[in-house]
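Here's the structure we're looking at; comments come further down.
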Amino acid sequence: MAAEAADKRRKEKVLARETVYYGLMGKTHGGAVVLTVMSAAGASIVTARLDPGEDLIAYGGAGRLTQFHEKRGGAIRRLVERHGILLLSKPEWDRKKDELGEAVWA
């Protein structure tokens with residue numbers, strides 16, 4: 001049992017390293033900073049792996065791209081740095097979303 005659990009943890013770490021996250025920065029109508037994140041691994045993986053902590057509010061899950069709303073200044077920047085999220089311009093985002101296709105919604 002312990003060997004199986006250790007193997008599962010190792011596989012999860014490898015998958016986490018191999019998962020590429022793409023982000024698009026924006027603002028809410030009230031001016032708060034928002035980061036939308038997608039990955040070829042799917043929306044449910046993004047939500048499960050990117051912990052918002054206390055300074056962000058996360059909205060997402062299967063069938064919906066994950067959005068992080070900043071509660072405290074600098075929280076999104078720290079999330080981007082911690083997880084190596086690649087920030088894209090809107091045209092780059094649209095191209096990447098088309099390229100990844102339906103996988104982003106899983």
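The values are calculated or read from the model by the stated rules, or taken from the named source; none is laboratory data. Everything numeric here is computed off the predicted structure, so don't read it as measured data. Glycine also receives a Cβ, built like all others from the backbone with ideal geometry; neighbour counts cover every protein chain displayed.
What is the residue count in the range 80-93 for residues that are in contact with a Leu (Cβ under 9 Å, 6 or more places away or on another chain) and part of a helix (DSSP H, G or I)?
Count: 6.
Kindly indicate whether residue 56 is touching a His at 6+ places or on another chain (Cβ under 7 Å) and crowded, with 18+ Cβ neighbours inside 10 Å.
Values: touching a His at 6+ places or on another chain (Cβ under 7 Å): yes; crowded, with 18+ Cβ neighbours inside 10 Å: yes.
Yes, satisfied.
If you go through the range 35-68, how many residues are assigned to a strand (DSSP E or B) and within 12 Å of the chain's Cα centre (by Cα)?
Total meeting the criteria: 13.
For the structure I just gave you, tell me whether residue 15 is modelled with pLDDT under 90 and either among the aliphatic types (A, V, I, L, M) or touching a strand residue (DSSP E or B) at 6+ places or on another chain (Cβ under 6 Å) (or both).
Spelling it out, residue 15 is indeed modelled with pLDDT under 90 and either among the aliphatic types (A, V, I, L, M) or touching a strand residue (DSSP E or B) at 6+ places or on another chain (Cβ under 6 Å) (or both).
Which one is nearest to residue 84 (Cα to Cα) among residues in the range 18-42 that are modelled with pLDDT of 95 or more and either touching a His at 6+ places or on another chain (Cβ under 7 Å) or among the aliphatic types (A, V, I, L, M) (or both)?
Applying the filter and picking the extreme gives 21.
Filter the range 82-98 down to the residues that are more than 12 Å from residue 46 (Cα to Cα) and either of a type in the set (Phe, Trp, Tyr) or modelled with pLDDT under 95 (or both) and list them by number.
Correct list: 82, 84, 93.
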